[in-house]
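What follows is a single structure, written as structure tokens, with notes after it.
The values are calculated or read from the model by the stated rules, or taken from the named source; none is laboratory data. Small disclaimer: the values here were computed from a predicted structure and weren't measured. Cβ sites come from the backbone with ideal geometry, for glycine too, and all protein chains shown count toward neighbours. Just so you know, the surface numbers come from the protein's heavy atoms only, side chains and all, with ligands and any DNA or RNA stripped out. Shrake-Rupley method; radii C 1.70, N 1.55, O 1.52, S 1.80 Å.
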Amino acid sequence: MKNSVSEQSFYIESEDEDEEKELNKGEDDGNDSDSSNYSNDNRQQSKPNSLNTTWPQSYRQSIDLYSSVPSPSLTFLGTPTLSRLSSSFLSSSLTRRHTPEILPCAAKPLLPPVEDEQQPQQRRSSRSLLPPHPSRKSSLRKSTKVLHELPVSRQSSYGQAVVNGMNVLCGVGILSTPYAVKEGGWVGLSILFIFAVLSFYTGILLRHCLDSQPGLETYPDIGQAAFGTVGRFAISIILYAELYACCVEYIILESDNLSSLFPNAHLNLGGYELNSYHLFALLTTLAILPTVWLRDLSVLSYISAGGVIASILVVICLFWVGLVDKAGFQSKGTTLNLTTLPVAIGLYGYCYSGHAVFPNIYISMEKPSQYPSVLLTSFGICTLMYAGVAVMGYMMFGESTQSQFTLNMPQDLVASKIAVWTTVVNPFTKYPFSIAPVAMSLEELIPSNHRKSHMYAILIRTALVISTLVVGLSIPFFGLVMALIGSLLTMLVTLILPCACFLSILRGKISQFQVSVCILIIAVGVGSSIFGTYSALSKIIQSLNS
């Protein structure tokens, strides 16, 4: 290898450089034939594919934070000691610079070969290449073999892949589906099922793009293969913008629900009074801030994986309040509302914003052939949950339905309290995983002579969190912001770009029917994006001026 690990990692301790260089030298001399062959194969394959190491290099490991959250299992946990678990917290995270966010293989080309010598039929997952602990030279040398063995133990099963898919799809969007029915009417609910079918199909298209040539592993990789470096940059920026916007939504969500629980809370700061909404937005930001400083997010990974359980629990609470506690059911609702239908389009589109993670889920699967079935199961379960909540919520609250149905639920009921507090707790674990990819991409832009200092990373992450607070306080409209994200960004990521990349990469190899279907989906995505974005922006401006 020409570049040592220390030249590519974001944070690396100088005392470890000699050990790593010695290890790399040993690999180059052929001491580890597997690693040497792997590097040679990389160099050979990078030339014909013209896929160079370009920004963002951190995309794979950052998005793997989503796709690598498995359902709890003893084989994944291993036998961690108490000290090992405690080392994941803030004190260690700011001083120990070898972390799951930084891969020791960063000196290798960004797009490794698809096939492994020991597993010719399976893709090598980037998240399997976790850094060894640089305590001793002997352990560092032994780690080269461990790195090649990790893909077997860390590949996800069918069930884990389904859980990961549901964890990505079934997020805070489920809270706004009753509001979407209010905005679009009962007929507008059909848009949810249309988007489900189209999104499932474009998820399959991403798989065909990944299989089209060796080395493709992520969405930006697909963009680079389809449209060159410009495509990689454009797709990466869109994906990061979507993640950043989701973090803004989390701030608004926390403020809305906590201020509904404690409406009389307020605070005086130097003559300036903070009402309950502003107070809880500030407190939420202060509570979240230490979690984004963590370089090792494994502490939060299992809690974040409980997002599926949290969504199911909130759904159960809604049905309990409606069917057991007999709350609501006062309105039949409207059949179709054309004036606000574009807002409903954006809200329904937001529900299927998981395509950024689908490629990572695919390459991490033990049996990639099961990927269509995994998508079908994940989309099917999530769509049924979305539709059930939409129907039940709108039937219960009618035209008084708010942007989050938890705000409509009677606060004196136990089920309502469970739903609200579950909604409040969940974003605290989701926020760090959403902002981490954005932060890591910006950290790549730090000058190389300053990358050893972790203070720059802390400043970047702190600035990002504060900026989400400012945006959340400036545009405190949960439903309208969600509609804007769903119309402007999710339509691009979910419908337009997968079809465009598929047509570009596989042109001349697909049937005319497939071309026609892709063009139709692009047209639907463009139309929905234009009308939804215009409607959401106009309503936001109108709300700000009122």
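Scan 471, 389, 414, 425 and give me the residue that is within 25 Å of residue 289 (Cα to Cα) and modelled with pLDDT of 90 or more. Of the residues listed, the single one that is within 25 Å of residue 289 (Cα to Cα) and modelled with pLDDT of 90 or more is 471. Between 463, 439, 536, the distinction of being small (Gly, Ala, Ser), in contact with a helix residue (DSSP H, G or I) (Cβ under 6 Å, 6 or more places away or on another chain) and under 24 Å from residue 282 (Cα atoms) belongs to 439 only. Determine whether residue 377 is in contact (Cβ under 8 Å) with a residue 40 or more places away in the chain, among the polar types (S, T, N, Q), part of a helix (DSSP H, G or I) and open to solvent by 30 Å² or more (accessible area, probe 1.4 Å). Criteria met by residue 377. Scanning segment 314-329 turns up one or more residues that are in contact with a Gly (Cβ under 9 Å, 6 or more places away or on another chain), at pLDDT below 85 and not in a helix (DSSP H, G or I). Among the residues examined, residue 366 qualifies as surrounded by fewer than 19 Cβ atoms within 10 Å (Cβ to Cβ) and in contact with a strand residue (DSSP E or B) (Cβ under 8 Å, 6 or more places away or on another chain). Residues in segment 172-215 that are in contact with a Pro (Cβ under 8 Å, 6 or more places away or on another chain) and not basic (Lys, Arg): 172, 202, 203, 204, 205, 206, 209, 210, 214, 215. Residue 236 meets each of the listed conditions (1) outside any loop (DSSP other than H, G, I, E, B); (2) polar (S, T, N, Q); (3) more than 17 Å from the chain's Cα centre (by Cα) apart from (3). Would you call residue 511 within 24 Å of residue 341 (Cβ to Cβ) and among the hydroxyl-bearing types (Ser, Thr, Tyr)? No: the conditions fail for residue 511.
When residue 399 is tested against the conditions (1) part of a loop (DSSP other than H, G, I, E, B); (2) farther than 19 Å from residue 165 by Cα; (3) open to solvent by 10 Å² or more (accessible area, probe 1.4 Å), the lone failure is (1). Residues that are over 22 Å from residue 59 (Cα atoms), without any contact (Cβ under 8 Å) to a residue 24 or more places away in the chain and either not β-branched (Val, Ile, Thr) or not in a helix (DSSP H, G or I) (or both) do not occur anywhere in segment 451-463.
Before we move on, is residue 446 outside any helix (DSSP H, G or I), open to solvent by less than 50 Å² (accessible area, probe 1.4 Å) and in contact with a helix residue (DSSP H, G or I) (Cβ under 9 Å, 6 or more places away or on another chain)? Answer is yes for this residue. Restricting segment 431-443 to residues that are of a type outside the set (A, V, I, L, M, F, W, C) and closer than 15 Å to residue 289 by Cβ leaves a set whose member that is surrounded by the most Cβ atoms within 10 Å (Cβ to Cβ) is 431.
When 352, 394 are screened for being modelled with pLDDT of 90 or more, assigned to a helix (DSSP H, G or I) and open to solvent by less than 30 Å² (accessible area, probe 1.4 Å), only 394 passes. Remark: pairs (first residue in segment 355-370, of a type in the set (Ser, Thr, Tyr); second residue outside any loop (DSSP other than H, G, I, E, B) and open to solvent by less than 10 Å² (accessible area, probe 1.4 Å); Cβ separation under 7 Å; 6+ apart in sequence or on different chains) = 362/210; 362/371; 364/67; 364/156.
Give segment 457-496 a look and list any residue that's closer than 23 Å to residue 535 by Cα, surrounded by fewer than 23 Cβ atoms within 10 Å (Cβ to Cβ) and among the hydroxyl-bearing types (Ser, Thr, Tyr), or say none. 474, the sole residue that qualifies.
Inspection of segment 472-493 finds no residue satisfying the criterion of being part of a helix (DSSP H, G or I), out of contact with any helix residue (DSSP H, G or I) (no Cβ under 9 Å at 6 or more places or on another chain), β-branched (Val, Ile, Thr) and farther than 28 Å from residue 227 by Cα.
Scanning segment 431-444 for residues that are at pLDDT 85 or above and within 12 Å of the chain's Cα centre (by Cα) yields 431, 432, 434, 435, 436, 437, 438. Pairs meeting the criteria (first residue in segment 258-278 and open to solvent by less than 60 Å² (accessible area, probe 1.4 Å), second residue among the β-branched types (Val, Ile, Thr), beta carbons under 7 Å, at least 6 apart or on different chains) are 258/424; 261/420.
If only residues of segment 453-468 that are more than 20 Å from the chain's Cα centre (by Cα) and of a type in the set (Ser, Thr, Tyr) are counted, the one that is modelled with the highest pLDDT is 456.
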